[in-house]
1. Using the alpha-carbon centroid of each, what span in Å lies between the range 88-162 and the range 40-84?
2. Please give the per residue volume of the convex hull enclosing the alpha carbon atoms of the range 104-154, rounded to a whole number of Å³.
3. Would you mind getting the Kirkwood hydrodynamic radius of the range 52-121 from its Cα pairs, rounded to one decimal in Å?
4. Which one of VAL33, VAL127, VAL87 has the biggest mean-square fluctuation once the chain is modelled by GNM with Cα springs under 10 Å?
5. Whole-Å semi-axes of the range 1-137's equivalent ellipsoid, largest first, each the root of 5 times a Cα gyration tensor eigenvalue?
6. List the pair-distance distribution P(r) of the range 3-84, using every Cα-Cα distance, as the percent of pairs falling in each 5 Å bin from 0 up to the bin containing the longest distance, rounded to whole percents.
7. Under a 10 Å cutoff between Cα atoms, tell me which one of ILE23, ILE65, ILE135 has the largest fluctuation in the Gaussian network model of the chain.
8. Who wins for biggest fluctuation among SER56, SER98, SER136 in a Gaussian network model of the chain, springs between alpha carbons below 10 Å?
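No value in this document is a laboratory result; all are computed from the given coordinates. Remember, it's a predicted structure, so these values are computed and weren't measured experimentally.
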Amino acid sequence: MRIIFIRHGDPNYELDTLTDKGIREASLLAKRVSEWDVKEFYCSPLGRAKKTASFSLEKMKRDAITYDWLKEFNYPITDPTTSTVHVPWDLMPEYWTSINEYYDKDKWIHTELYQSNHELANAYLDVCKGLDDVISQYGYKRCQNYYKVEKHSDDTIVFFCH
């Protein structure tokens, strides 16, 4: 199985779309994507991802399945080293590398920092479940730290997201 994640083109965040540069990027990308044998396309509901996908989908005369869990992961936390509020993954290395729980896929969401945004843990689990549900359609089932192949697939799937 081949899974391809495509980040949106250069964004205009204010209008939730693409800049002129982003449109050029998405248009050039469509030429490449159209050469792939894609079983299914998936897309974030946000405008900048949908606009990026639109060039490839139009060129291939295809549609994408839209999932809310593919939208940008925007659950801000207050950075303990700078006191600024921002995305939860943008921390200084000297901070997060000193906390062992941040290295554990199951424990990091239970740390004090990430529990400070009460929506973050459930949103993360929704993303994991959403991805697992899609992957399972192609014969792969999560077994703790890996995916078990229940039915081999040579399919290619593409996610347009953030």
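1. If you average the Cα positions of each part, the centres end up 16 Å apart.
2. So the per-residue Cα hull volume is 71 Å³.
3. Mean inverse Cα-Cα distance, inverted, gives 14.6 Å.
4. VAL87
5. Computed over the range 1-137, the values are 32, 19, 13 Å.
6. The calculated distribution, bin by bin, is 3, 14, 23, 22, 15, 9, 6, 4, 3, 1.
7. ILE65
8. SER98
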